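A.B. asks: Please read through the structure below; I'll follow up with questions.
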Amino acid sequence: MSSKEQYLSAALNRSMTNINEYYERELLTQPAMRFAEEFMALNEIPEMILRVSSTGDTSVGEAFLIATNERLFYSGGTGKGMLQSAKPDCREYAYRGIAKIQFEQGNAFKSSSLTFHVPTKAAKGNITKVTFKTFNIKEDIQRFVEYVRKKMTTVNRSIGAADSQPAPDDQDFVEKLERLGSLKNQGLITEDEFTAAKKKLLDSQQDSKS
């Protein structure tokens, strides 16, 4: 068993309450799992997995939503009914791009579903809804949604923190200004020397941005 397959096996056991050894082996042999292994980056680790309905008229075998440490993606297979001849159908949904998740509980007449509000590729700023029917039990789905929402929050916070950081040139300027202030406060330079050095620093900063 490859390291990626081991990660997928661990994620299945984490994600599905009623899984057993036979069912796990059956899921791991699905084409969609093989495609997921190929689709994942070297250091990407699957954390949670949902069994979902395949999309498209030529879908074959099982399909999965896989939440990793890096992103969310759909993995399915397309073909003409033969598992061995299935071709990959993998689609990525970046955590930072997911605007909203909706969970609709199923009943005796319909499956539960998850709807993701994600950006459209055709027009920047537009949002589209992508819905997957899922066959997992309610508790498993809620755990999956909780994990994805946590990743969305973490990624958005990181992006916000990065955006609030000064640009490298600005940060260097601030550090130099702070050092000048420290030298003056320690009495190592006079007020006139501080003013002259500060003016020179400001002029240099303005020149670099012009």
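A.B. asks: For Leu42, state whether it is farther than 21 Å from Thr131 by Cα, at pLDDT below 90 and of a type in the set (A, V, I, L, M).
C.D. replies: Considered against the rule, which asks whether it is farther than 21 Å from Thr131 by Cα, at pLDDT below 90 and of a type in the set (A, V, I, L, M), Leu42 comes out as yes.
A.B. asks: Just give me the residues in the stretch 20-48 being without any contact (Cβ under 8 Å) to a residue 60 or more places away in the chain, surrounded by 15 or more Cβ atoms within 10 Å (Cβ to Cβ) and among the hydrophobic types (A, V, I, L, M, F, W, C), in sequence order.
C.D. replies: Leu27, Leu28, Ala32, Met33, Phe35, Ala36, Phe39, Met40, Ile45
A.B. asks: From the list Ser54, Ser15, pick out the single residue that is among the hydroxyl-bearing types (Ser, Thr, Tyr), closer than 23 Å to Thr115 by Cβ, modelled with pLDDT under 90 and surrounded by 19 or more Cβ atoms within 10 Å (Cβ to Cβ).
C.D. replies: Residue meeting the stated conditions: Ser54.
A.B. asks: Also: Out of all the residues in the stretch 92-103, which are surrounded by 14 or more Cβ atoms within 10 Å (Cβ to Cβ) and not in a helix (DSSP H, G or I)?
C.D. replies: Those that are surrounded by 14 or more Cβ atoms within 10 Å (Cβ to Cβ) and not in a helix (DSSP H, G or I): Tyr93, Ala94, Ile98, Ile101, Phe103.
A.B. asks: Do the conditions hold for Lys184, that is, is it part of a helix (DSSP H, G or I), of a type outside the set (Gly, Ala, Ser), at pLDDT below 80 and not assigned by TED's automatic domain parsing to the domain that holds Arg51?
C.D. replies: The answer is yes for Lys184.
A.B. asks: Does the stretch 118-132 contain at least one residue that is surrounded by fewer than 16 Cβ atoms within 10 Å (Cβ to Cβ), at pLDDT 90 or above and part of a loop (DSSP other than H, G, I, E, B)?
C.D. replies: No, the stretch 118-132 has no match at all.
A.B. asks: Kindly indicate whether Met1 is at pLDDT below 95, in a helix (DSSP H, G or I) and either closer than 23 Å to Gly106 by Cα or of a type in the set (A, V, I, L, M) (or both).
C.D. replies: no
A.B. asks: Which one is farthest from Tyr95 (Cα to Cα), of the residues in the stretch 150-176 that are hydrophobic (A, V, I, L, M, F, W, C) and either at pLDDT below 65 or not assigned by TED's automatic domain parsing to the domain that holds Ala197 (or both)? Steps first, answer last, please.
C.D. replies: Going through the stretch 150-176, the residues hydrophobic (A, V, I, L, M, F, W, C) turn out to be 152, 155, 159, 161-162, 167, 173-174.
Subset that is either at pLDDT below 65 or not assigned by TED's automatic domain parsing to the domain that holds Ala197 (or both): 152, 155, 159, 161-162, 167.
On the way: Met152: 5, Val155: 7, Ile159: 11, Ala161: 16, Ala162: 16, Ala167: 25 Å.
Selected residue: Ala167.
The values are calculated or read from the model by the stated rules, or taken from the named source; none is laboratory data. No experiment lies behind these values; they were computed from the predicted model shown. Glycine also receives a Cβ, built like all others from the backbone with ideal geometry; neighbour counts cover every protein chain displayed.
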